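Notes follow once the structure below has been shown.
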Amino acid sequence: MSPIEMKELNQQPQQASTKDTSGPDIRSTDERDQTVTTWAYAATALLSSFAVILIFTPQVLLFVSETAADRRVTLTPLEAFLALHGGILLLAFSMALLFNVPNQTVLSSHTPVAPGHPLLIPLTTACTVSAFIAYNTKSVSSLAFIVFLGSATIGGWGLWTALFGGSSYHSRKTGADKRTSGFLFGNKAAASTQKKQWRKEQKTR
């Protein structure tokens, strides 16, 4: 075999190993996460600003919507009612965005997490407050009672879900299904096995 052929054979494994060790573009993933984080903070600030205006200074609506032919200094009871409850919902959405901003320091996405929804706690809290306010509002007649029923239903159901929903089947610490078992066959997906692994990880930190 000639020296040239020997040189080509020696270069082929090196090229193959170079291709195998090349991984995905981590920089593009980091940039995408940073973009989502920036959008989330900006949307949170904007929604929070609107919510504060609607809740505490709803008279601003008159200033931005008045015309030369129609000038008023006070809101109607219906306008004030809708502004207040709309502001509460906007505040709930802004808090949901803030609490779910992507964070690179959190655990890996492969770590099991107990089932839930990012809007569960903020929307439950907002609907509970909205139901309380609507129940004590008499200026908009039956509309307040309708809003009270809807908000109380969502708030009460959300509170039950946050406290008891899924707790009988899924572990709150690991998110594993409690209906699985590691007995005899050593199932790694079993709740008891994952709980032992979770405890070991907590001790090593």
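Structure values in brief
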read-out	value
Distance in nm between pseudo-label sites at T153 and F56 (7 Å out along the Cβ direction from Cα)	3.4
Rounded to whole Hz, the Karplus (6.51, -1.76, 1.60) HN-Hα couplings of segment 141-146, x for glycine and proline	6, 6, 4, 5, 5, 5
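Coordinate-derived values only; no laboratory data. Since this is a predicted model, take the numbers as computed values, not measurements. In this analysis, Cβ positions are derived from the backbone assuming ideal geometry, glycine residues included, and neighbour counts consider all displayed protein chains.
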